[in-house]
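Engineer: Just passing along the structure, written as structure tokens.
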Amino acid sequence: MRLQRQEPAERLVKYLEAIRLALGELLEHDPRVFLYGQDIAGTFGGAFKATKGLAERFPTRVLNAPISEDAITGIAIGAAQEGLVPIIEFQFADFASIAFNQLVNHAATMHWRTGQTCPMVARLPVGGTPGGGPFHSQMVEGWLTHHPGLVVVAPSTVADAYFLLKDAATCTDPVVFCEHKYLYYHLAADFDPRRAEHLPMGRAAIRRSGTDCTVVSWSGMVHEALKAAEVLAGEHEIECEVIDLRCLRPLDADTILESVARTGRLVVATESWPFGGVTAEILAVVASEAFQHLDAPPQRLAALDTPIPFHPALFAAHHPDAARIAALVLETVSF
Amino acid sequence: MRTVPVASTVPDELRLAHLRWMILARVIDDRLATLYKQNALAGSAFLGRGQEALSAAGGIYLRPGDIFAPMIRDQAGRLAFGEDPLDVFRTCLGRRTGNTRGRDGNVHRGVHVGDRRQLAFISHLGAMVPATVGALLGKRLKGELRGTDTPVGMVSIGDGGMAAGAAHEGLNAAGIERLPLVVMVANNQLSYSTYNDRSFACRHLVDRAAAYGFTGRTCDGTDADACLATMGLAVAAARRGEGPQMVVAELLRLAGHGEHDDASYVTPELRSRFGDCLPLTERTLKNQGVIDEAGLAKLWDEARQISQRAYEQASSEPEPDPAQEDWCAYSARNLRSGL
Ligand SMILES: Cc1ncc(C[n+]2csc(CCOP(=O)(O)OP(=O)(O)O)c2C)c(N)n1
């Protein structure tokens, strides 16, 4: 995975720190906000330490929850109806399957069914890391974007980890916030929230401009796409336009369609599974709305269609990377 | 477990108010059953027949600032907590004027009368337990649960729903937080067609109360005085800050699961074990001179008028119009506009 800095210096802000910073500011400035999740309180601060130090500052508003993903989510929904803004943490996104019902049937339907809003944020550590195995590595946007009413975001940068979390907490709809576990400690940037600019939630970002092929990705895979684009530019004089979706639902189809109109070619790269999901949605939109612009069949690259393997060698084979993105772009460009 | 002595200390005024809600609920439910047979409802009808004594006893102790998460057989409790019968017919007829505007129906309405908040039930049994716990946690964070006369949250659940994982998780969390939750369990002996022996293996559902850190009580759900006394103690204890409370009432569902169901699986033996709380209450109150024949007739008459008026108004109101719907599930404007 390509990183903005290999060895983060002291002044650089890590992706995880940006999340912690946003959480701390939200707690400080919005009395409606509280945090609820497993092992997030005390001096421990969560399995990944996203809430480290926050319970000391806000002891009544950073609360440990029992292993009850269904209840954690249902409790957030009930509290949201009392006017609070709950931010719940799942220890791993994989365990959100236990909360599936509360997310898709309760939170997501609330506004449409009853006219009441359900502002809440569910923070989900997503994505594969070597050794994570089948139950600590999953991406969940495939099933959560399917349901109307949920906002699903997946920041790929330090700035977005901060700003999208802030946006999520001020959104009146329930937001599923997918934070990539690998980026937590491996991604760092020179980031000052007072100076940084950001796009609103719901808009995709063009991370690299190019004219030969549009490469769409999100979350950790954006960094592989950027690495592939660099290699393709240096070694093949192919200029990729790399789009970071940031928000998967709603989907910023306009930015994708406009880019495809310029490049005529599309590769969508994800570490999710291949069947259905966000990649299929993007290909369907482009095939039906930008058919006349396409110079090659739109392509997608996903993980292999099995549970996520444990052994690093198997994981590497299962997980898409820059080399495979570059190969698919080459194929598409030479079609 | 504490079984409350039947000898009632409930004032006659409250017993009469309770009876009034029972009768109104029965009249509305009967009307819904008729409308179902006439194919006039947008969906099925789910009745609380036989459960009115318990349900009304729950709702009657609630007050502004409290939370009520009713289940499918709580018409009586909803009314006692302030629900307007108009909302019942609007929702069941799928009218645009109703709380769910025809987007959802029947028992899924979540009606707010002032600050009397009824949570909008989702079908998934058990799911409303954590939501009620969360509403109470929200109240605590807002500082509304201080002192010894706090708001409470009441969630209604059946013997079937008690088996759901969400119920377990929610009860466990309520115990941990020591919230003023009152869980009103209507053991109507049936989970759709399934008898208790296939829903749980503990001796009595109230045995679970201790396991979750609740105070548990039981009562005869066909005995209005027992229901009033028991629910009264539970709600008062919750208000005083004594932590979560569970009441398990034994009764029988005197209807199909919904009106589409003939309940042919109810054996004569099961049927013979339970009476109907409504005539039983009428008889008791009459025998004790709390009400006479004329007073009863008046209650039924009033209930029929209220129900008829509500039905007539709701049925004269517009149905939803697909062309006027925005067909967008988001509330946030910037997300709705298609960016
Ligand atoms: C999670 C879930 N599974 C299945 C159902 C379908 N269902 C609706 S009501 C019901 C029986 C409920 O029994 P109980 O909780 O005892 O309540 P009662 O209907 O007897 O009042 C079932 C199985 C459901 N609503 N939710």
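Nothing in this text is a laboratory measurement; each read-out follows from the coordinates by a stated rule. Predicted model only: the values in this text are computed from it and were never measured. Glycine also receives a Cβ, built like all others from the backbone with ideal geometry; neighbour counts cover every protein chain displayed.
Engineer: Could you state the number of Å between the C-alpha centres of segment B:26-96 and segment A:196-250?
Structural biologist: Result: 54 Å between the Cα centres.
Engineer: Okay, moving on. If you rank B:Arg198, A:Arg113 by fewest surrounding Cβ atoms within 10 Å, what's the result?
Structural biologist: Least crowded to most crowded, the residues run B:Arg198, A:Arg113.
Engineer: Which values of log₁₀ I(q)/I(0), to two decimal places, follow from the Debye formula for the protein assembly as shown at q = 0.12 Å⁻¹ with a uniform point scatterer at every Cα?
Structural biologist: The Debye formula, applied to the Cα set alone, gives -1.19.
Engineer: At a Förster distance of 35 Å, what's the computed FRET efficiency of A:Ser288 paired with A:Glu239, Cβ-Cβ distance as r, to 0.05?
Structural biologist: 0.85
Engineer: When Lys and Arg each count +1 and Asp and Glu each count -1, what net charge do the other residues less than 15 Å away from B:Pro11, Cβ to Cβ, add up to?
Structural biologist: Overall, the nearby charge balance is -1.
Engineer: For a footprinting-style exposure proxy, rank A:Phe177, A:Phe163 by other Cβ within 10 Å, fewest first.
Structural biologist: Taking fewest neighbouring Cβ atoms as first place, the list is A:Phe163, A:Phe177.
Engineer: Rounded to whole Å and ordered largest first, report the semi-axes of the equivalent ellipsoid of segment A:205-333 derived from its Cα gyration tensor (root of 5λ).
Structural biologist: Largest first, segment A:205-333 gives 22, 17, 13 Å.
Engineer: Principal axes first, then extents: for the Cα atoms of chain A, list largest minus smallest coordinate on each axis, whole Å, largest first.
Structural biologist: 59, 48, 41
Engineer: What is chain B's relative contact order, in percent, from Cα pairs under 8 angstrom and six or more apart in sequence?
Structural biologist: 23 percent
Engineer: R0 = 25 Å: FRET efficiency of A:Asp39 with B:Ala211, Cβ-based, nearest 0.05?
Structural biologist: It comes to 0.60.
Engineer: Across peptide A:92-103, what mean number of C-beta atoms from other chains lies inside 10 Å of a residue's C-beta?
Structural biologist: Mean partner-chain Cβ count within 10 Å for A:92-103: 2.
Engineer: Considering chain A as a Gaussian network with a 10 Å cut-off on Cα pairs, which listed residue, A:His223, A:His293, A:His319, attains the greatest mean-square fluctuation?
Structural biologist: Per the Cα network of chain A with a 10 Å cutoff, A:His293 tops the list.
Engineer: Could you list A:Phe48, B:Phe89, B:Phe200 in order of exposure, starting from the residue whose Cβ has the fewest other Cβ atoms within 10 Å?
Structural biologist: Taking fewest neighbouring Cβ atoms as first place, the list is B:Phe200, A:Phe48, B:Phe89.
Engineer: What length, rounded to one decimal in nm, is gained on full extension from B:Arg240 through to B:Ala42, with 0.36 nm per residue of separation minus their alpha-carbon distance?
Structural biologist: Taking 0.36 nm per residue and subtracting the Cα distance, the gain is 67.0 nm.
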